[in-house]
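Undergrad: The structure's right below; bear with me while I get my questions together.
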Amino acid sequence: MDTEVSIQEKYHRRSASSEVWHRLKKNKGAVVGGIIILLLIFLALFADVLYDYETDIVAQNLEQRFIAPCWEHPFGTDNFGRDLLARVIYGTRASLPVGFVAVLVALVLGLLLGAFAGYFGGVVENVIMRAMDIFGTVPDVLMAIALIAVMGTSTMSLMIAVGLTSVPSFARITRATVLSVRGQEFIESARAIGLSSWDIIFQHVVPNCLSPIIVQTTLRMGSAIISASALSYLGLGVTPPMPEWGSLLSAGRGLMRDYSYMTLFPGLAIMITVIAFNLLGDGLRDAMDPKLKK
Amino acid sequence: MYRYVVKRLLMLLLVILGVSFLIYAIMDLAPGDPVWQILGEDATQEEYEAMRAELGFDRPLIIRYGDYMWGLLHGDLGYSYKYSMDVMELYLSRLPATLLLALSATIVSTLISLPLGIYAALRQGSWQDNVTAEFSVLGLATPNFWVGLMLIIIFSLHLGWFHSGGFTSWQDVILPAITVGTGHTALTTRTTRSSMIDVIRQDYLMLARAKGVSEKKVIRRHALKNALIPIITATGIQFTGSLGGSVITESVFSWPGVGRLVVDAIKSQDIDTVTGSIIMTAMITSIILLIVDLLYAFVDPRIKAQYNK
């Protein structure tokens, strides 16, 4: 009797979402990625407890200029005598929200456009998808630069520009998944009981298309953070004195000959963050659709 | 085949019209009124209106766009106030450096990823395969321009082998090419690996081996040739990607290409140069992607047969 119950518990009492969670926990890469992301979010939330923005991040302390990495300043200090570890930690407050909002913009727009294209088909689909093709023809960085030129250089325009360049990929993925759901019987029955197209799309179609979209969202976080830091490096994103990883690199560029450590740590920070999101994204993909696993 | 090419060319024309209109319309919203830039701040409102009408800025967007495209067909992309020269001339003077960089980057990445991908595919599941996969994860996560900075620190500042920027001799292309090329290596290696794995499983390879063809020949002659299509696609996307995407690398290495031109032009609100450069780059990108698509037919007789139907 007892064994029967435990077998039942082991094999039957798991809902789809706890099944995914169970598989995700077994994926080492995804766990490591998830922990790093939680740690980064924690640092971003409590950065002002660790360091005071005015005295530690912005204020200049010219006696402490160019101290190479040591015990007191593990990442060294910059040309204004500011501790680079503190600035890199504060950088999470720029890079994480920028990546997050950018992906959110792409997700909302891409989801709407892709869902409409996939659900309605015909002319609607053609117009939306060809527009996405045209938008996608312009190289991402150039498109982002053009949009920033129009909106002016600010953190907000950086987020919107990076987000908009990712819209086509979200629209394509959503459309493809919606197409696979559209013809199924439960959609037909929803239509038969008289639900509006809007209700069908958002209550019945989209919830059944979520897994590839969640995976894409996680993976896009990484590339959004890279794009945003690249644009900030060019001086087209987050502006000083707010420390952002890309602008920290740009500040170190001119001083590389003598103080190469200034360009080392911000780059590592970007890399570790992006690896974390990619590992989690890959893990989610494998957990949500075991068939896809190579 | 002929009908297919014509159809694709017509589609290309539509895409080019769409892209150029999109860019033109976006850049039309950019701040910085060229009329004020020409007249200077002290001009009166009447002078402003007169100049605006003279330059044709009072006409509707679609008319001005038509005018712009007509100019483009005749090699006229407007005038750059920052560089005091025609935008077309300016763009063409910067294009060779960008093409050279894109080409060298593609060579670098192919030299790394083709052997690596094949090696990983042949030893699928081994530790060598896993190491290659880990490298791909690392490669996808590393910001390209940061790799450039690290290369400058190591090879130019410490070892003194190369200049840290600019384009004065042929060696100067090496570091930027490695920077852009390694950025694409992860994707091309993955594509090569999975494409090779698909082909290796096919029966005709077993037949070739059974006939006594040497393993080297089986891979080179029979497997690789059939795995080429996805690899060519990846390489084509990568080449066009470096055309528009090496903007940041060009800035890191002070490379006198189109990317740096666009960034400099944006900063000085030289809108004609930005618009013209982006439209030209997008056009070249779509033309190259079309050529890549058409190349398949020559590589793979099966695809050619499909077109001929």
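The values are calculated or read from the model by the stated rules, or taken from the named source; none is laboratory data. Just so you know, these numbers come straight off a predicted model, no measurement behind them. So basically every Cβ, Gly included, is an ideal-geometry build from the backbone, and we count neighbours across all protein chains shown. Accessible surface areas use protein heavy atoms only, side chains included; no ligands, DNA or RNA. Shrake-Rupley method; radii C 1.70, N 1.55, O 1.52, S 1.80 Å.
Undergrad: Applying 1/(1 + (r/R0)^6) with R0 = 25 Å to the Cβ-Cβ distance of B:MET206 and B:MET1, what FRET efficiency is obtained, to the nearest 0.05?
TA: Efficiency at R0 = 25 Å is approximately 0.15.
Undergrad: I want to check the label-to-label distance for B:ILE38 and B:VAL137. Put each point 7 Å from Cα in the C-beta direction and report it in nm to one decimal.
TA: If labels sit at B:ILE38 and B:VAL137, their model points lie 5.8 nm apart.
Undergrad: Could you work out how far the C-alpha centroid of the stretch A:41-90 sits from that of the stretch B:11-67, in angstrom?
TA: 46
Undergrad: Something else: Using DSSP to define loop residues, name the GluC sites (Glu not before Pro) in the stretch A:38-143 whose beta-carbon has at most 15 other beta-carbon atoms within 10 Å.
TA: A:GLU72
Undergrad: Tally up the carbon and sulfur contribution to the accessible surface of the stretch A:72-127 as a whole percent, 1.4 Å probe, everything protein left in place.
TA: The C+S portion of the solvent-accessible surface of the stretch A:72-127 is 77 percent.
Undergrad: Could you tell me which trypsin sites (Lys or Arg not before Pro) in the stretch B:210-278 are loop residues by DSSP with no more than 16 other beta carbons within 10 angstrom of their beta carbon?
TA: The qualifying sites are B:LYS211.
Undergrad: Still on this model: Roughly how tilted is helix A:155-182, in degrees to the nearest 10 and between 0 and 90, from the longest Cα axis of chain A?
TA: 20
Undergrad: Calculate how steeply helix B:258-267 sits against the longest principal axis of the alpha-carbon atoms of chain B, using the helix alpha-carbon long axis, and give the answer as 0 to 90 degrees to the nearest 10.
TA: Taking Cα atoms only, the helix is inclined about 40 degrees.
Undergrad: Moving on to the next point. Taking a ≥ b ≥ c as the square roots of the Cα gyration tensor eigenvalues, with a/c under 1.5 meaning rounded and otherwise prolate when a/b beats b/c, else oblate, which class fits chain A?
TA: oblate
Undergrad: Same structure again: Relative contact order for chain A: what percent, with Cα pairs under 8 Å and sequence separation of 6 or more?
TA: That works out to 25 percent.
Undergrad: How far apart, in nanometres, would the label points at A:PHE186 and B:LYS217 be if each is projected 7 angstrom from Cα along the Cα-to-Cβ direction?
TA: 5.7
Undergrad: Assuming R0 = 30 Å, what is the FRET efficiency of B:LEU17 and A:PHE202, from their Cβ-Cβ distance, to the nearest 0.05?
TA: 0.30
Undergrad: Here's something else I'd like to know. Taking the Cα centre of the protein assembly as shown as origin, sum charge times position over the Cβ atoms of Lys and Arg (+1) and Asp and Glu (-1), and report the length of that vector in debye to the nearest 20.
TA: Here the size comes out at about 3480 debye.
Undergrad: Which order do you get for A:ILE160, B:ILE231 if you rank them by accessible area with a 1.4 Å probe, largest at the top?
TA: A:ILE160, B:ILE231
Undergrad: Another question about this same structure. Out of residues 5 or more away from A:GLY76 or on other chains, whose amide H comes under 5 Å of its own, with H placed 1.01 Å from N in the peptide plane?
TA: The answer is A:CYS70, A:LEU84, A:LEU85.
Undergrad: Same structure again: Given a Förster distance of 35 Å, report the FRET efficiency between A:SER15 and B:LYS267 from their Cβ-Cβ distance, rounded to the nearest 0.05.
TA: That pair, A:SER15 with B:LYS267, gives E of 0.05.
Undergrad: Note down the accessible area of B:SER251, probe 1.4 Å, to the nearest 10 Å².
TA: 30
Undergrad: Compute the acute angle (0 to 90°) between the alpha-carbon long axis of helix A:2-11 and the principal axis of greatest extent of the alpha-carbon atoms of chain A; round to the nearest 10°.
TA: 70
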